[in-house]
Amino acid sequence: MEKVPEVAALEKKLDDVLFALLRASHGSRSTLRIDDAARGWHVDFICAEALLPGVKSLRGDGSIDQRAAATVKWMAVEKRNLVQPDLTGSPVPPPPPALMSAYAAKAQMLAPLFAKDGSLSGWISVHYVDGTHAFTADEERALDQAASAVARLTGIGA
């Protein structure tokens, strides 16, 4: 099914936001998931992504029930970023096992995006596949700046 040109153009702009985030956060992969039926988006499938060469894409993979993930439930309750510098042990909350097994994530940051009614509409993720990662204030600030840019572009998370 072909995308509406306006949605495809928006997804390209969102990819650009994620590429800027990837550079600023020194990550391996960054993704955006949003529930927005009007644009054909569902959180089980990413609507934007940025990758380093050789890093496995999540594009088109809807095998994980994202809303059932403990990390997503945590963001919905805590209403703040989730920063997990080490996924190799027993992180709390635990990410979906496939994120670590199939997609090799060893650390991650997540920024929730909330609808005007306060419900969790989506989130931005930054994954690190080369190893665990001690996050800097600048890297966390880059995640917040990306969330603000996504909110401006989509009207979600504003």
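Annotations
- In segment 57-71, the residues that are touching a strand residue (DSSP E or B) at 6+ places or on another chain (Cβ under 9 Å) and either closer than 17 Å to Val126 by Cα or part of a loop (DSSP other than H, G, I, E, B) (or both): Ser57, Leu58, Arg59, Gln66, Thr71
- In segment 52-65, the residues that are in contact (Cβ under 8 Å) with a residue 12 or more places away in the chain form Cβ pairs under 6 Å with partners that are among the hydroxyl-bearing types (Ser, Thr, Tyr), at six or more places apart or across chains, as follows: Leu52/Ser28; Val55/Ser28; Lys56/Tyr103; Leu58/Thr31.
- Considering segment 130-158, the residues that are exposed (fewer than 12 other Cβ atoms within 10 Å of the Cβ) and among the aliphatic types (A, V, I, L, M) include one that is nearest to Val55 (Cα to Cα), namely Ala134.
- The residues listed here are Trp123, Trp74; of these, the one that is outside any loop (DSSP other than H, G, I, E, B), over 13 Å from the mean Cα position of the chain (by Cα) and of a type in the set (Phe, Trp, Tyr) is Trp74.
Conditions tested, residue by residue: (1) buried (at least 18 other Cβ atoms within 10 Å of the Cβ); (2) of a type outside the set (S, T, N, Q).
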site: Gly27; (1), (2): yes, yes
site: Arg33; (1), (2): yes, yes
site: Glu49; (1), (2): yes, yes
site: Asp61; (1), (2): no, yes
site: Asp65; (1), (2): no, yes
site: Asn81; (1), (2): no, no
site: Thr88; (1), (2): no, no
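- Screening the candidates Val7, Val43 for the property of being in contact with a Lys or Arg (Cβ under 7 Å, 6 or more places away or on another chain) and either farther than 17 Å from Gln66 by Cβ or part of a helix (DSSP H, G or I) (or both) yields one hit, Val7.
- When each of Leu87, Leu113, Leu52 is tested for being under 18 Å from Glu140 (Cα atoms) and in contact with a Ser or Thr (Cβ under 6 Å, 6 or more places away or on another chain), the lone residue that passes is Leu113.
- Residues that are hydrophobic (A, V, I, L, M, F, W, C) and at pLDDT 95 or above, drawn from segment 8-36: Ala9, Leu10, Leu14, Val17, Leu18, Phe19, Ala20, Leu21, Leu22, Ala24, Leu32, Ile34
- Number of residues in segment 96-108 that are of a type outside the set (Lys, Arg), touching a Ser or Thr at 6+ places or on another chain (Cβ under 7 Å) and modelled with pLDDT of 90 or more: the value is 2.
- If the condition is being part of a loop (DSSP other than H, G, I, E, B) and either closer than 25 Å to Ala68 by Cβ or of a type outside the set (Phe, Trp, Tyr) (or both), then segment 126-158 contributes Val129, Asp130, Gly131, Thr132, His133, Ala134, Thr136, Gly155, Ile156, Gly157, Ala158.
- Top-ranked residue in segment 107-120 [being under 13 Å from the mean Cα position of the chain (by Cα) and of a type in the set (Gly, Ala, Ser); ranked as nearest to Leu52 (Cα to Cα)]: Ala107
The values are calculated or read from the model by the stated rules, or taken from the named source; none is laboratory data. For clarity, every value in this text was computed on a predicted model and none was experimentally measured. As a convention, Cβ positions derive from the backbone with ideal geometry for all residues, glycine included, and neighbour counts pool all protein chains shown.
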